[in-house]
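These notes are about the structure you will find just below.
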Amino acid sequence: MTSWQVLPEERRMLYSPVGLRMLDDFTGRAPSGSLEILLDVQDSNGQWHEVDVHPVRTPSEVITYPGLGRSAHAATQPLMRYRVRIDGEYYRPDYLINLDGVEFDNLAYDDQNPPPVVPIVPQDLFLLPATNYPFPRHIRVLRGHVEDNAGDPVANVEVTEGPRERVLTDERGTFSLPLRWPGLNAAVVIDAVDHRTGHAGQLNINLPGDLSGAHTIIIT
């Protein structure tokens, strides 16, 4: 005769210290094209090193890292600093305005001692159109580049049309700014701000004539 014995329930708890929901800043929807998602860890000297840890990307475009920090000896593990970086085919992530990645702290945990804080709602991560963004053909687009007083290109400058449109320059200082809202024949002010240095510049254009060719904005 077989004798059955009930064993205590075994559980393995997985928590993610971060949840990032990716959104196309132009459409407000999920991004298109390919996306490379990279994770770095900071060492004791403040230097960042890429780690071979792959995220889980949910159907709603949320990036998570379930199990990051899980340890058999959680009480002896130090607090770790991580950052997520996004390399998008058609995008410049908005954190590049003043940071090189989305940074977060992570405290080790185990099955008996969960993390003290677990994010419940994901943080929105807006992806701004890059110069090769596939804008619909009917959208007016202003193309140009940003440079400093020495004529050198400046990356990660926020180029805006009022509070309604925004993009970031790439490593060559170039940008492609959609102009959906001004009138058919309008004078438009374009602002360029390097939030990392505080330098800024401005460009005045007239639609639709100034849409042809590339424009230069000098920030000082």
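Key figures for this structure:
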item	result
Of all residues making up the stretch 173-220, the number that are in a loop (DSSP other than H, G, I, E, B), aliphatic (A, V, I, L, M) and either within 22 Å of the chain's Cα centre (by Cα) or crowded, with 16+ Cβ neighbours inside 10 Å (or both)	3
Every pair of residues 6+ apart whose Cβ atoms lie under 7 Å, when the first sits in the stretch 150-170 and is at positive phi while the second is at pLDDT 95 or above and not aromatic (F, W, Y)	N156/L96; N156/I97; N156/L168; N156/T169; N156/R196
When residues of the stretch 110-147 are limited to those that are of a type in the set (F, W, Y) and in contact with a strand residue (DSSP E or B) (Cβ under 6 Å, 6 or more places away or on another chain), the one farthest from D24 (Cα to Cα)	F135
Restricting the stretch 124-156 to residues that are assigned to a loop (DSSP other than H, G, I, E, B) and in contact with a Lys or Arg (Cβ under 9 Å, 6 or more places away or on another chain), the residue that is nearest to S34 (Cα to Cα)	A130
Near pairs, Cβ below 7 angstrom, 6+ apart or cross-chain, from the stretch 52-77 (under 23 Å from G28 (Cβ atoms)) to any residue that is surrounded by 10 or more Cβ atoms within 10 Å (Cβ to Cβ) and among the charged types (D, E, K, R)	S60/R21; E61/R21; V62/R21; I63/R57
Those strands (runs of 3 or more DSSP E) lying entirely in the stretch 21-66 with at least 3 residues modelled with pLDDT of 95 or more	35-42, 48-51
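The values are calculated or read from the model by the stated rules, or taken from the named source; none is laboratory data. Worth saying up front: this structure is predicted, and the values here are computed from it rather than measured. So basically every Cβ, Gly included, is an ideal-geometry build from the backbone, and we count neighbours across all protein chains shown.
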